[in-house]
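One structure follows; several queries about it will come next.
The values are calculated or read from the model by the stated rules, or taken from the named source; none is laboratory data. Keep in mind that what you see is a predicted model, and the values were worked out from it rather than measured. Backbone-built Cβ (ideal geometry, glycine too); neighbour counts: all protein chains shown.
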Amino acid sequence: MPLPYVLLSAAVSLDGYLDDTGPERLLLSSPADFDRVDEVRASVDAILVGAGTIRADNPRLLVNSPSRRAVRVCAGRPEYPLKVTVSGSGELDPEAKFWHTGGEKIVYTTEKGAERARAAGLAADVVSLGPDLDWRRLLEDLHARGVRRLMVEGGGRVHTQLLQEGLADELHLVLAPLFVGDPSAPRLFGPGGYQQGRLRLLESRRIEDVVLMRYAPTAPGEGTRATAADRHWLRLACELAELCPPSRTAFSVGAVVVASDGTELARGHSREGDDPVVHAEEAALAKIDPTDPRLASATVYSSLEPCAHRASRPAPCARLILQAGVRRVVTAWREPDTFVVDADGSGLLASAGVDVVVLPEFEDRAKAPNTHLLP
């Protein structure tokens with residue numbers, strides 16, 4: 001199921017704390033950065049905070065700028081983004097500001113938590129995720145409601161869980177020039193298993209006396225479960241397909257090979273360079289030393305499933321992937337019967353033990369440079 005684009009937003013002290021232990025909330029951002037946050041809020045479809053943030057900070061989570069709200073309305077969007085919170089227990093104060101400002105609200109909770117939340121008379125749609133909280137199911141439900149971009153503003157436990165489950169597409173981290181130094185104060189990220197590898201720096205910017213850093217995860221998922229990084233790399237493969245010289249006899253396809261730590265090993269696209277018949281996966285794999293030990297745990301991203309049959313070369317791309325030792329493939333689109341009937345490269349790979357992940361939300365993007373070949 002498709003998921004929203006998930007953007008985590010937080011401000012921390014130089015020693016990594018979200019707040020101190022005083023009775024008042026510690027203001028870490030500058031006035032100019034608060035305005036930037038307001039701008040980001042105005043751009044998204046929904047804003048999410050955990051129940052702990054509602055209890056600790058009693059936030060309103062509004063778009064404060066009248067002009068930004070007006071732009072939303074002119075674009076046919078609600079004046080305010082949907083407000084979302086998550087509570088396993090369902091124990092929420094019905095008098096909190098969260099419920100009485102802005103537009104529509106949703107509470108995601110458990111079966112037992114839903115009983116408490118409904119009994120409290122919260123001014124919100126209460127949705128049970130089952131016996132336990134399930135972040136992927138929550139995001140799927142939000143996408144089904146039309147949420148394409150979700151801003152998550154805390155707290156630390158929520159940010160930690162979304163990152164550890166590979167569901168965060170982007171992190172906006174603001175670093176404030178002060179220290180907290182209290183080990184009992186809340187930190188942004190907790191212990192646990194995170195995806196390996198370095199995050200990709202998208203931007204760094206000084207905003208008065210704070211620094212904004214935007215990062216994106218790069219490490220592929222494992223097995224058949226897709227992560228935010230998988231969507232990033234498959235999006236790149238679809239962009240590469242648009243670089244292909246047009247053809248009436250072959251599809252335009254892009255491919256990227258990525259190591260398990262998020263290092264890009266190679267990329268390629270159909271008919272790349274001076275080779276009029278080279279396929280995308282073939283072009284990418286040819287750029288990698290076949291003895292590279294990273295291939296065994298790498299992922300191949302291809303805008304179209306790797307071919308199982310071809311006339312132009314002895315080995316189809318699915319066989320080349322198997323020969324390279326790659327055990328995971330992510331693709332956007334199953335090969336139609338245009339040139340080969342029942343090609344099923346995904347089936348060939350799966351029968352050999354390769355994990356094949358299909359993300360159909362990218363199918364239209366993958367088809368775009370091939371519309372002249374399709375009925």
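Filter the stretch 300-339 down to residues that are over 24 Å from Thr227 (Cβ atoms) and not in a loop (DSSP other than H, G, I, E, B), then give me how many there are.
Quick first cut of the stretch 300-339, residues over 24 Å from Thr227 (Cβ atoms) only: 307-316, 319-320, 323, 335-339.
Still in the running and not in a loop (DSSP other than H, G, I, E, B): 319-320, 323.
Qualifying residue count, the stretch 300-339: 3.
Do you know which of the residues in the stretch 22-39 that are within 24 Å of the chain's Cα centre (by Cα) and crowded, with 17+ Cβ neighbours inside 10 Å is nearest to Phe179 (Cα to Cα)?
Looking at the filtered set, the residue picked out is Asp33.
Still on this structure, I have one more. Kindly indicate whether Asp19 is in a loop (DSSP other than H, G, I, E, B), touching a residue at least 40 places away in the same chain (Cβ under 8 Å), out of contact with any Gly (no Cβ under 6 Å at 6 or more places or on another chain) and buried (at least 21 other Cβ atoms within 10 Å of the Cβ).
When the stated conditions are applied, Asp19 passes them.
Looking at Pro81, Pro94, can you tell me which residue is more than 24 Å from His143 (Cα to Cα) and either of a type outside the set (Lys, Arg) or free of Cβ contacts under 8 Å to residues at least 40 places away in the same chain (or both)?
Pro94
Taking the condition part of a loop (DSSP other than H, G, I, E, B), buried (at least 23 other Cβ atoms within 10 Å of the Cβ) and assigned by TED's automatic domain parsing to the domain that holds Pro306, does Ser252 pass?
Details: part of a loop (DSSP other than H, G, I, E, B): yes; buried (at least 23 other Cβ atoms within 10 Å of the Cβ): yes; assigned by TED's automatic domain parsing to the domain that holds Pro306: yes.
Yes, satisfied.
Something else now. If you scan the stretch 164-178, which residues turn out to be modelled with pLDDT of 95 or more and under 18 Å from the mean Cα position of the chain (by Cα)?
Passing the criteria: Leu167, Ala168, Asp169, Glu170, Leu171, His172, Leu173.
Quick check: is even one residue across the stretch 344-355 within 25 Å of Pro246 (Cβ to Cβ) and either assigned to a loop (DSSP other than H, G, I, E, B) or touching a helix residue (DSSP H, G or I) at 6+ places or on another chain (Cβ under 6 Å) (or both)? Break it down into steps so the answer makes sense when it comes.
Going residue by residue through the stretch 344-355, those that are within 25 Å of Pro246 (Cβ to Cβ) are 345.
Now narrow it down to the ones that are either assigned to a loop (DSSP other than H, G, I, E, B) or touching a helix residue (DSSP H, G or I) at 6+ places or on another chain (Cβ under 6 Å) (or both): 345.
Checking the stretch 344-355: at least one residue is within 25 Å of Pro246 (Cβ to Cβ) and either assigned to a loop (DSSP other than H, G, I, E, B) or touching a helix residue (DSSP H, G or I) at 6+ places or on another chain (Cβ under 6 Å) (or both).
Let me ask another. Restricting to the stretch 99-113, give me the number of residues that are in a loop (DSSP other than H, G, I, E, B) and more than 13 Å from Val126 (Cβ to Cβ).
3
Is it the case that some residue within the stretch 299-311 is at negative phi, assigned by TED's automatic domain parsing to the domain that holds Leu349, exposed (fewer than 15 other Cβ atoms within 10 Å of the Cβ) and among the aliphatic types (A, V, I, L, M)?
As a first pass, look at the stretch 299-311 and keep what is at negative phi: 299-311.
With the extra rule that they be assigned by TED's automatic domain parsing to the domain that holds Leu349, the set shrinks to 299-311.
Okay, now just the ones that are also exposed (fewer than 15 other Cβ atoms within 10 Å of the Cβ), so 311.
If we keep only those that are among the aliphatic types (A, V, I, L, M) as well, we get 311.
For the stretch 299-311, residues at negative phi, assigned by TED's automatic domain parsing to the domain that holds Leu349, exposed (fewer than 15 other Cβ atoms within 10 Å of the Cβ) and among the aliphatic types (A, V, I, L, M): present.
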